[in-house]
Amino acid sequence: MPRLARFKIAAIEDLLRQLEYAPAETRARQMDAVERLIGDVDPAQNYPHEYVLFRITGYRSDRVDEPVTYVGQALLSDLTNLVQVLSQGLELPADYAGRRAFSMEQAAERMQISPKTMQRYRKQGLVCHYVQFGDSEGKLACFEDAIERFVQRHKGRLDKAAAFTRIDGDVRGAIIERARTLRQSERLTLNQAAGRLAQEHNRARETIRIILRRQDRTAAEPIFSERGPLTDREILVAHRAWQRGIEPARLAQRLGKTKATVHRAVNHRRRELLNTLKLHFVTLPTFRLADAAAVILSAPAAVSDLRKPPGDANALSMIEGWREASPTAVDDEHAVLAAYNFLKMRASTGISKLGRWPRSEQLDQIETDLRWAALLRWKSIVLGMPAAIERIEQNLRRPLSSQPTEHILSMLKLGFAVVSSAIETIDPARGRGRGRGERVERIAGFAMERALAQLDSRGFGARASAKHAAGSIVFAQLGFVDDPWERWLSLRADLRRHVAALSEPARQAIALRYGLGGTPPLTCAAIAARLGMKSLGVVRLLAKAQRELRAMARRVLSGEG
């Protein structure tokens, strides 16, 4: 089964989650609406969120936040992916809606392109469905009208692809022998030889480079002994593979480098990502104490009950919980804020000291501090949300849970954004001499009032009361924005769901790594000490766990789990 592409637009992925348990008729209706929309999308144009939502669902949203638009090319890729996912489980016949279905092989032959090119075209608007051919299980296929629509839009590209001829074995052999001659007679480098041969054979330089690299990778006597530095793209590939738990030895073999070189390239990319962060923190007087780290980072409130929201949390229950929440002790609140700011300060200092080729231990400590800071940030947001909910309901003059679904989501998004922003400015030491210090509840409440006042000025009005079934609005719909570093440092929500299925000690290592038990995340060295292992063993254990989690998630996505 072809692997599904990852969604580029969060709103399209959110829509898929909402349709995950919808009746088959609803999924089929919206699948057809998405396909019609694909036919109208121009890759070079931008499209408003409201337009996309209306075309798919028929629903017009009264958005209260800033207008959002999507780039046509990214939208095409996500919409074709959405059609493919929605078609799974619908058992579409090969003559669905009076249309004729072609298998991927038949479609490629009809379009006179290779199967590999066919896969690329799926990202550019070629619509595919899972179709039942006879009694077999669903196979990916293209309906005739979808093929014709794509051909009309990309006629020039398809003509060029059809005219392309592959390099057969004889020509490949001639290229290799000619490269050997150029190496021996003129001492050309691989890149220089590729340029010469590209002109002689009227081929792209990169095509020739790939042929020569593959030859040298498997040959007993390589033609070109040298291997240039890794390109930026190869470094990105190495880092992505490392995140997915791919063994360094495999990466080294693929890239024609040593394991040490791959490690350096991965660490270089980790450093680049960290350097993109603009970490703002409030500096407290206690940070200057000699034992600041030991004291601040050992406070009970900073090391316990650190939990990220689950992906399917009930939004209505959360609102009710915030409405009835008891006040937090001022010392506990200030301990959370102090630890949050201290960790960001320590990470910022560590980033500034990184050299061009940093050590893994340095990077691990910084990344672990940021993971911990993210959990403390969420805990701080939870402390401020009761005040935000109170101000929202005062503004509405009714419970938020009685509002229509779209208003509940809009108000919660606004509340999270306002409280999150307010937390970044709170100084627990300010006003401490008067016995109070700044409180999250107070600052968040004031910030929420200001935001609601601006909202009122744009015509925010009362709506009719609505009743919602328990669990009908889930947290995944909120589109909560995580810290910027969590895109590459956190454990994805779809992977967290499978951690319990891991065997020991992989499950324990992953839980300690990401703080899944409500305790601070740990570095590899700290995990090794906890489990009685060597650090290298922990690194390998975590990589193996990542591979297993991703395999579980893929099986669920494909309907096998």
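The values are calculated or read from the model by the stated rules, or taken from the named source; none is laboratory data. Computed from a predicted structure; not experimentally measured. Cβ sites come from the backbone with ideal geometry, for glycine too, and all protein chains shown count toward neighbours.
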The residue from E177, E148, E144, E200 that alone is charged (D, E, K, R), within 19 Å of F224 (Cα to Cα), at pLDDT 80 or above and surrounded by fewer than 17 Cβ atoms within 10 Å (Cβ to Cβ) is E177
Tally, over the range 521-547, of residues that are closer than 30 Å to G138 by Cβ and either touching a strand residue (DSSP E or B) at 6+ places or on another chain (Cβ under 6 Å) or buried (at least 18 other Cβ atoms within 10 Å of the Cβ) (or both): 1
Can you find, within the range 15-58, the residue that is surrounded by the fewest Cβ atoms within 10 Å (Cβ to Cβ) among those that are among the aromatic types (F, W, Y) and within 25 Å of the chain's Cα centre (by Cα)? Y21
I'd like the residue in the range 95-153 that is of a type in the set (V, I, T) and over 31 Å from the mean Cα position of the chain (by Cα) and, out of all such residues, is nearest to L82 (Cα to Cα). V151
If you go through the range 60-70 one residue at a time, do you hit one that is modelled with pLDDT under 85, assigned to a helix (DSSP H, G or I) and under 30 Å from V418 (Cβ atoms)? no
Please work out which one of (1) assigned to a helix (DSSP H, G or I); (2) surrounded by 17 or more Cβ atoms within 10 Å (Cβ to Cβ) is the condition K257 fails and give its number. (1)
On the given criteria, is Q119 surrounded by 16 or more Cβ atoms within 10 Å (Cβ to Cβ), over 19 Å from R27 (Cα atoms), in the same structural domain as L16 (by TED's automatic domain parsing) and in contact (Cβ under 8 Å) with a residue 40 or more places away in the chain? yes
Within the range 103-121, does at least one residue satisfy the condition of being charged (D, E, K, R) and part of a loop (DSSP other than H, G, I, E, B)? no
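Here is a check on your reading of the model: is V282 part of a loop (DSSP other than H, G, I, E, B) and surrounded by 19 or more Cβ atoms within 10 Å (Cβ to Cβ)? Reasoning before the result, please.
Numbers: part of a loop (DSSP other than H, G, I, E, B): yes; surrounded by 19 or more Cβ atoms within 10 Å (Cβ to Cβ): yes.
Here the answer is yes, as V282 does meet what is asked.
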Note: among G415, G384, just one is under 19 Å from D305 (Cα atoms), within 29 Å of the chain's Cα centre (by Cα) and either among the aromatic types (F, W, Y) or surrounded by 24 or more Cβ atoms within 10 Å (Cβ to Cβ) (or both), namely G384
If you go through Q88, Q112, Q124, the only one that is at positive phi and not small (G, A, S) is Q112
Hey, can you tell me all the residues within the range 498-520 that are aliphatic (A, V, I, L, M) and exposed (fewer than 15 other Cβ atoms within 10 Å of the Cβ)? A500, A501
Under 6 Å between Cβ atoms, which residue pairs at least 6 apart in sequence (or on different chains) link something in the range 165-186 that is farther than 19 Å from S114 by Cα and in a helix (DSSP H, G or I) with a partner that is of a type outside the set (V, I, T) and at pLDDT below 85? I176/Q215; L182/L188
Can you name the helices (runs of 4 or more DSSP H) wholly within the range 445-561 that have at least 2 residues being at pLDDT below 90? 486-489, 493-496, 535-557
Residues (among the charged types (D, E, K, R) and free of Cβ contacts under 8 Å to residues at least 40 places away in the same chain) located in the range 246-262: R250, R254, K257, K259
